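**Student:** Below: one structure in structure tokens.
The values are calculated or read from the model by the stated rules, or taken from the named source; none is laboratory data. Remember, predicted model here, so these are calculated numbers, not experimental data. Positions of Cβ are backbone-derived with ideal geometry, glycine not excepted, and every protein chain shown enters the neighbour counts. What goes into the accessible areas is simple: the full protein's heavy atoms, side chains included, and nothing from ligands, DNA or RNA. Shrake-Rupley method; radii C 1.70, N 1.55, O 1.52, S 1.80 Å.
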Amino acid sequence: MFKLISNTRETLKNDLLSGLTVALALVPEAVAFSFVAGVDPLVGLYAAFMVGLVTSIFGGRPGMISGATGALAVVMVSLVADHGVEYLFATVVLMGIIQMLAGVFKLGKFVRLIPHSVMLGFVNGLAIIIFLAQLSQFKFTDATGVSHWLHTNDLLIMLGLVFLTMLIIHFLPKLTKAIPSSLAAILTVTGIVHLMGIDTRTVIDMASVGGGLPSLHIPNVPFNMETLQIIFPYSCILAAIGLIESLMTLQLVDEVTETRGSTNRECLGQGLANILTGFFGGMGGCAMIGQSMINVNSGGRGRASGISAALFLLFFIVIGSKFIELIPLAALVGVMFMVVIGTFEWSSFRVLGKIPKSDAFVIVLVSTVTIFTDLAIAVFCGVIVSALVFAWKKSERIKAEIYTDENGGKHYQLNGPLFFGSVQSFQSLFNPKEDPKNIYLDFENSRVCDFSSIEVINNIVEKYSRLDKEVYITNLSPDCASVINKAGHISKAKRI
């Protein structure tokens, strides 16, 4: 049912090696996002393990990686600062319940309503966020808590190692694909640094990643309405951001791998993962576009890649922390820079001048809002603007071919949808005072879409009725007739 292990040894080997690569890159990401949220590094690491493991088994997209993310961390920071980490754990549990309800009610399918221009803006904005997040590795904090760029020599060493990492990742696949290039780059740069005694920052300079197994922990908060009032708004926001980022990452991985995942199953998997994470002392999480692209580009396609990444990460936490702490941060930054280059849709620069101006505006809008606020707000803005543009364009398409039959009846053959955006154009088609006694509205090439369209038809009918003239509706399609039938006595026009 779950297809945990692929059918071939080659595929399983790729899954395991790509899982190891992802696990190495997950460590500094989880630690960094823990700092952003204001919690202990182990809280982020446990979240990366729990969310990654559960979604890999039960989620809707093999090969997609989930864990603690910056998009969620920036929302959590105020909750932790005001109420403490225990309220965060309770919030994550409620967040998971909301996400599972979204899966039960099959709301994942609504991701199809997100236009391609919004998807491009999302990808570009997230790539920029990933890039900006790496810049903190080129800085240090002094005794007063102020951040400064690294000194010249340290900065040059860091840049040189980052560049070497990127070169290995780019050119190694041209020589061999026996080992993921990202993993080879990390191992090579780590070996060079320690064999040559190069003085540069390593993972241990961020924080210790050592710890024990995660244990069951019931959030230590009062179970009352006051607590619910505190955590519910945060849970809703986190659930929305988590699902949007996960489902859009799922779509992106679908395109890259030319396969299809299940959006509703992903909602259920993400929800279950966050419920369990909240009860095991984790900060919650969602799909990670950067890590997912590392996995896919390293050859990870099956569920075994995500499962192995989570298990390798747990191994690093419990047993192998001393080895992971030796990895230079420059190597991991280089891996993430290559993810940025591969994630950013460079073709969007080329098409901006060729696509409709509204789509170009949406791409820029979503990218900008993603950077300065959060993903959920950016996607909502993009979808709303796209919907308004669509409604405006459709509102201009309601037209009519008008003729008079041999009996003196006037026929309006309508073309285009009749909905809230086109009612004014529809009204302007008619001239009740000059029209004959019988008027026929032909909807063969038109559609009655909503209550606004029924209301405007009624207004037209009333205008003609006051002049002792009759209005008849013809050629209604079954779905339009259904709309009018549901309106019942609200609809005043006669149908023939």
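**Student:** Can you give me the % of accessible surface on the chain that is carbon or sulfur? Probe 1.4 Å, all protein chains present, nothing else counted.
**Tutor:** On the way: 14730 of 23100 Å².
Looking at the chain in its full context, I get 64 percent from C and S.
**Student:** In degrees, nearest 10, range 0 to 90: what is the angle between the Cα axis of helix 303-318 and the longest Cα principal axis of the chain?
**Tutor:** Relative to the chain, helix 303-318 is tipped by roughly 40 degrees.
**Student:** Taking loop as defined by DSSP and a crowding limit of 12 other beta carbons within 10 Å, which chymotrypsin sites (Phe, Trp or Tyr not before Pro) in segment 101-186 fit? If you can, show how the numbers build up before the last one.
**Tutor:** On the way: sites: 105, 110, 122, 131, 138, 140, 149, 163, 171; in loops: 105.
Counting only loop positions with at most 12 other Cβ atoms within 10 Å, the chymotrypsin sites (Phe, Trp or Tyr not before Pro) in segment 101-186 are 105.
**Student:** Please list, by residue number, every one of the chymotrypsin sites (Phe, Trp or Tyr not before Pro) in segment 362-436 that is coil in DSSP and has at most 10 other beta-carbon atoms within 10 Å. Don't skip to the end; give the middle numbers.
**Tutor:** Values: sites: 372, 380, 390, 392, 403, 412, 419, 420, 426, 430; in loops: 419, 420, 430.
For chymotrypsin sites (Phe, Trp or Tyr not before Pro) across segment 362-436 that sit outside H, G, I, E and B with at most 10 neighbouring Cβ atoms in 10 Å, the list is empty.
**Student:** Can I ask one more? Charges on Cβ only, +1 for Lys and Arg, -1 for Asp and Glu, centred on the Cα centroid of the chain; of 55, 429, 290, which one is farthest towards the dipole's positive end?
**Tutor:** 429
**Student:** Residue 449's amide H: which non-local residues (gap 5+, or another chain) put their own amide H closer than 5 Å, with H modeled 1.01 Å from N in plane and none for Pro or chain starts?
**Tutor:** Here the answer is 418, since their amide H atoms fall under 5 Å of that of residue 449.
**Student:** While we're on this one: Using 7 Å Cα-to-Cβ label points, what is the residue 462/residue 384 separation (nm, one decimal)?
**Tutor:** 3.2 nm
**Student:** Using a probe radius of 1.4 Å on heavy atoms only, what accessible surface per residue do you get for the chain? Whole Å² is fine. Write down the numbers at each step before the final one.
**Tutor:** Numbers: 23100 Å² over 496 residues.
That works out to 47 Å² for each residue.
**Student:** Oh, and also: If you count only protein heavy atoms and use a 1.4 Å probe, how large is the accessible surface of residue 308, to the nearest 10 Å²?
**Tutor:** Surface open to solvent at residue 308 totals about 10 Å².
**Student:** Taking Cα atoms, how many degrees apart are the long axis of helix 41-58 and the longest axis of the chain, rounded to 10 and kept between 0 and 90?
**Tutor:** The angle comes out near 60 degrees.
**Student:** What FRET efficiency do you get for residue 315 and residue 226 if R0 is 35 Å and r is their Cβ-Cβ distance, rounded to the nearest 0.05?
**Tutor:** 0.30
**Student:** Then there is this: Taking a spot 7 Å from the Cα of residue 403 along the direction of its beta carbon, which residues of segment 436-459 have an amide N less than 14 Å from it?
**Tutor:** What the label zone holds, given the 14 Å backbone N cut-off, is 442.
**Student:** A follow-up question, please. Using Cα atoms only, what is the angle between the long axis of helix 116-134 and the major principal axis of the chain, expressed in degrees (0 to 90) to the nearest 10?
**Tutor:** 20 degrees
**Student:** Take the alpha carbon atoms of segment 39-102, find their center, do the same for segment 249-293, and report the distance between the two centers in whole angstrom.
**Tutor:** Comparing the Cα centres of segment 39-102 and segment 249-293, I get a distance of 11 Å.
**Student:** Place a +1 charge on the Cβ of each Lys and Arg in the chain and a -1 charge on the Cβ of each Asp and Glu, then give the dipole magnitude about the Cα centre in debye, rounded to the nearest 20.
**Tutor:** Working: 34 positive and 34 negative charges, 227 e Å.
The dipole of the chain has a size of about 1080 debye.
**Student:** Okay, next question. Within the chain, what's the longest stretch lacking trypsin sites (Lys or Arg not before Pro) that sit in DSSP loops with no more than 10 other Cβ atoms inside 10 Å?
**Tutor:** On the way: sites that count: 3, 354, 433, 466.
For trypsin sites (Lys or Arg not before Pro) (loop position, at most 10 other Cβ atoms within 10 Å), the longest site-free span of the chain is 4-353.
**Student:** What's the longest piece of the chain with no exposed GluC sites (Glu not before Pro), counting a site as exposed if DSSP puts it in a loop and it has at most 14 other beta carbons within 10 Å? Mind showing how you got there, number by number?
**Tutor:** Details: sites that count: 258, 396, 406, 434.
The reported range is 1-257.
**Student:** Continuing with the same structure: Read through the labelled values [x] 30.4; [y] 25.5; [z] 24.3 and report the label of the one computed as Kirkwood radius over Cα pairs in Å from the structure.
**Tutor:** Recomputing Kirkwood radius over Cα pairs in Å here gives the entry labelled [y].
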